[in-house]
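Contents: one structure, followed by commentary.
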Amino acid sequence: MINLRQVVVYLQPKSGNRYDITIKDLFADETQELINYFGHLEARVTGDLKIEFPQVETRVSDLVMKAESQQGPLAIHLEFQSRNDDEMPYRMLRYALEIHKTYHLPVYQIVIYFGQWQMNMTSQLEYRLGDQNLLDYRYHLIDVGNITYEELKNSPHQRLLSLLPVVDREKRQKGGKEFLQRCAEDIINSDLDLETKKTVLLRAEIFAGLVFDKKAIDLVFREVEQMLSIEESAGYQRIFEKGMEKGIEKGMEKGMEKGIEKGQQESLLDVTIRLLRKKFRKIPREYLARIKEQDVYVLQQIIDSIFDINDLKELEDYLQ
């Protein structure tokens, strides 16, 4: 059985972008909480806006929503960052223009930075050339590490307690494992219902992977997982699935770095067998032998269809 600590390993990034995508997946159902806590406006989310930024670099880490405010309808764009990026203002401006062009709505943008180190990005672009040519562009930029522990702990937005491991940068760096232990305990002792606590703890463990080493995470969360039966929670399946997707990406990247298809095949094979064992517990030897003979394309097909395969016999449709 794959436990959460193994999933966290799959989510460990080599670059910030991969983790930003995961953050989007974790908060897809908490957009109103994020806006209420981080935004400087009163707005009620009314729906998601679908946009892939076709004229910019393709990204799936953004959350773009339609909302209603006292100023009328608007689009809210949440962008997650786990590393400093000098190009952020240019990207955000291109995003704002694409959203405005597509939906003809004013765009309120929030960049939420979860990085381990102090944020050094800027939140504006400006220049003036004569009376007619000028640029004055700004967006809301937040360094979560500058939020104090007590501020977030005592906030009415308790579902955001999953961010506790990445707040209060100075105390977190000095506190180490004890700081992380306090995060877990405060989530357990919160007023959230049991199922929500499980989801928040799952997210907290993943965020801890940004700033704590694996050993500390294992020590703190091992007992928590057992005590609350986190693997049985409703939120575990989605995070497990996303963890496997990141594992696939990481394995494929490793294979390409080595310049050999064998690296990809071995990585995908490992993920395929893990997923099948997670779903069916036991896999007959004959199926294992045949799976090990498959190429990258077939393994990818099985992985993509894992939640549609309800009987091991259905593997016959995929195996060569």
Under the Karplus relation 6.51 cos²θ - 1.76 cosθ + 1.60, θ = phi - 60°, what is the ordered set of whole-Hz ³J(HN,Hα) values for segment 306-313, x standing for Gly and Pro?
4, 8, 9, 8, 9, 8, 4, 5
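Highest first, please rank the peptides 135-142, 197-204 by the mean number of other Cβ atoms sitting within 10 Å of their residues. Walk me through the intermediate numbers first.
On the way: 135-142: 15.4, 197-204: 23.6.
Averaged packing, sorted descending, gives the order 197-204, 135-142.
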Please compare each pair in Lys177/Lys197; Lys177/Lys279; Lys198/Lys278; Lys50/Lys101; Lys153/Lys174; Lys174/Lys215 to a cut-off of 25 Å on the Cα-Cα distance and tell me which ones are over it.
Lys177/Lys279
Can you give the FRET efficiency for His157 and Arg285, using 1/(1 + (r/R0)^6), R0 = 56 Å, r = Cβ-Cβ distance, to the nearest 0.05?
0.65
I want to check the label-to-label distance for Thr148 and Leu219. Put each point 7 Å from Cα in the C-beta direction and report it in nm to one decimal.
2.8
Result for segment 86-225: accessible area per residue, probe 1.4 angstrom, in square angstrom, of 49
Length gain on complete extension for the stretch Ala28 to Ser123, per 0.36 nm per residue less the alpha carbon to alpha carbon distance?
31.8 nm
Please list 3J(HN,Hα) in residue order for segment 36-50, calculated via the Karplus relation 6.51 cos²θ - 1.76 cosθ + 1.60 where θ = phi - 60°; whole Hz, with x for glycine and proline.
4, 7, 9, x, 9, 8, 9, 8, 10, 5, 10, x, 8, 10, 8
Check which residues have an amide H placed less than 5 Å from Leu49's amide H, if you skip close sequence neighbours.
Val64, Met65, Lys66
Largest to smallest principal axis extent of the C-alpha atoms in segment 151-227, angstrom
29, 29, 17
Length gained when the stretch Arg277-Asp86 is fully extended (0.36 nm per residue, less Cα-Cα span)
64.4 nm
Probe 1.4 Å - accessible area at Lys215, Å² to nearest ten:
150
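Can you tell me how much longer the chain between Glu185 and Tyr137 gets when fully stretched, taken as 0.36 nm per residue apart minus their C-alpha distance, in nm with one decimal? Don't skip to the end; give the middle numbers.
Numbers: separation 48, 0.36 × 48 = 17.28 nm, distance 4.18 nm.
Extra length from Glu185 to Tyr137 when fully extended: 13.1 nm.
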Computed label-point distance, nm, for sites Leu41 and Lys66 using a 7 Å Cα→Cβ extension:
1.6
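The values are calculated or read from the model by the stated rules, or taken from the named source; none is laboratory data. Predicted, not measured: the structure shown is a model, and the values here were computed from it. Reconstructed Cβ throughout: ideal geometry from the backbone, glycine too, with neighbour counts over all protein chains shown. When the accessible area is computed, the model is the full protein with side chains, heavy atoms only, and any ligands, DNA or RNA have been set aside. Shrake-Rupley method; radii C 1.70, N 1.55, O 1.52, S 1.80 Å.
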